[in-house]
1. Give, as residue ranges, the strands (runs of 3 or more DSSP E) completely inside the range 366-430 that count at least 1 residues that are aromatic (Phe, Trp, Tyr) and not assigned by TED's automatic domain parsing to the domain that holds residue 274.
2. Working only within the range 179-204, note down all residues that are among the acidic types (Asp, Glu) and either within 15 Å of the chain's Cα centre (by Cα) or outside the structural domain of residue 290 (by TED's automatic domain parsing) (or both).
3. Does residue 97 satisfy being touching a Cys at 6+ places or on another chain (Cβ under 8 Å), modelled with pLDDT of 95 or more and of a type in the set (Phe, Trp, Tyr)?
4. So residue 271 passes all but one of these: (1) surrounded by fewer than 21 Cβ atoms within 10 Å (Cβ to Cβ); (2) part of a strand (DSSP E or B); (3) not hydrophobic (A, V, I, L, M, F, W, C). Which condition number does it fail?
5. So which residues in the range 358-367 are surrounded by fewer than 20 Cβ atoms within 10 Å (Cβ to Cβ) and either at pLDDT below 95 or not hydroxyl-bearing (Ser, Thr, Tyr) (or both)?
6. Restricting attention to the range 68-89, which residues are among the polar types (S, T, N, Q) and assigned to a strand (DSSP E or B)?
7. Which one of the conditions (1) surrounded by fewer than 19 Cβ atoms within 10 Å (Cβ to Cβ); (2) assigned to a loop (DSSP other than H, G, I, E, B) does residue 435 fail to meet, given that it meets all the rest?
8. For residue 49, work out the one condition from (1) of a type in the set (A, V, I, L, M); (2) touching a Pro at 6+ places or on another chain (Cβ under 6 Å); (3) surrounded by fewer than 20 Cβ atoms within 10 Å (Cβ to Cβ) it doesn't fulfil.
Amino acid sequence: MIRSSFLSFVFFLACVCALADYEDPEMSAYYTREVLPLPAGEVMEPGSIALLPDDRVLVGTRRGELWICEGAYGDDLSKVTWEKYFDGMHEPLGMFWKEGALHYTDREQYGRLIDRNGDSQPDVVETISAPWGINGNYHEYAFGTTPDSKGNVYVTLCLTGSFSAHSNWRGWVLKIAPDGSWSPYASGVRSPGGIGYDSEGNIYYTDNQGVWNGTSCLKHVVEGKFTGCPIGNVFYKNAPNMGPQPKDPVSGSRIVKERELIPELVPPAVQFPHGEIGQSPTAVIPDHTQGKFGPFAGQVLVGEQTHSEVQRVYLETVNGVRQGAVWEFLSGFGAGIVPMRMSDDGTLFIGGTNRGWGSRGKKSFTVERVRWNGTVPFETKTMEALPHGFRLTFTEPADIETLANLESYKARAWTYIYQHKYGSPEVDHVDANVTSARVAPDGLSVDLTVSPLTKGHIHHLSAAGVRSKEGEGLWHPDAYYTLNEIPNP
């Protein structure tokens, strides 16, 4: 989503090639996507979404307006109404409702709006914390989380112009306590498109392809650690709680090699191969609904701006490091996705905006909802790393013969250059052959031996030949696993 200005035109041209409407024809068999009508004549351009009491939905726009939607959960969306709640935010990119107040993160601050006289309009604008700097550069976005279990909020701060840190704390994740006190939490940020949690409360942000990012990725935020881009590390001098500044990585190296030299470096949990699995990841939310949104409860959903999609991520911990697989999931949205929110009843709200960025969806802006219709797709549910390969589990039993047939699978692996230049081609390719398949008797899983496994590589596994007992192919047969660590035998 967020790119340096001198490359904007190049990326725009790449996006235009994909501007034709695209929607997976199979998706409607499992998930229903619906467009919410918007107030006539208004430019919405959603940047954040908050879920309010009484089934109201609040949308914050990139132009600083806040709108409350009534009827967003209703069966008849023609009855949806909108009312402007506030105007004057500075591009809010994170909001939530707590204790009768709207909390928000915008470019300038983390604050809240309070309605004290009960007229359904805020009359108090309160700054809770504003430790970071801005200088007017377009790239200095600030994305904020919902509160964690202790009420803390985490803010991730884009670099200045993608290549520098000219304002305070650019390139960092900051932690803000409920009382407004704050502390540096993690370094190494480049160009986030969103920040959020998994179902266990771990923090992640999406970082976009660019300097020190060979491809876009989902990065695990660990307190006191470094996530990979050294440009903002100039602020270690103001962060005594973080310890010594990490050693700068060597440009032209590989992440797996630099991890051996920089103990503070946390590798991307999941890398998204550029163009193959999106190219501009944004919002990060868990499916916390315990099955109300389908068979992927507990997994992470990631928004995608350029491809106007939602990706699905399975995460696990191997040798103390987070890693996992990503699949394509939901598609066909009207504009590039930036914010997402999942309600307790399993309604996924998404906001789309295109100003400054091209996307497959042609609309300038959109607000949409998605619901599972109760039909379970035949899909790879999880992909787990094994000492000699991967275990695939499925949403329903597969045909045993196709599971056991090695011709059902194709594998390959590669990595990216870890460098100060913008992005990277795929490098260090490996022919990763599937050499054996041990099938569970119930057909719900298969253990694949993949040779060789390569630490630090992205392993692309296609299971296009696998069929369900009814003869159906997998909805999305391609998975991309980031193998930071190989499990011990």
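1. 389-394, 410-416
2. Result: 198, single match.
3. No; evaluated as a whole, the condition is false for this residue.
4. Of the numbered conditions (1) surrounded by fewer than 21 Cβ atoms within 10 Å (Cβ to Cβ); (2) part of a strand (DSSP E or B); (3) not hydrophobic (A, V, I, L, M, F, W, C), the odd one out for residue 271 is (1).
5. Scanning the range 358-367 gives 362, 363.
6. Residue satisfying the conditions is 81 alone.
7. Here residue 435 clears every test but (2).
8. Residue 49 satisfies every listed condition except (3).
The values are calculated or read from the model by the stated rules, or taken from the named source; none is laboratory data. This one's a predicted model, so the numbers in the text were calculated from it and none came from an experiment. Don't worry about glycine lacking a Cβ; one is built from the backbone with ideal geometry, like all the others, and counts go over all protein chains shown.
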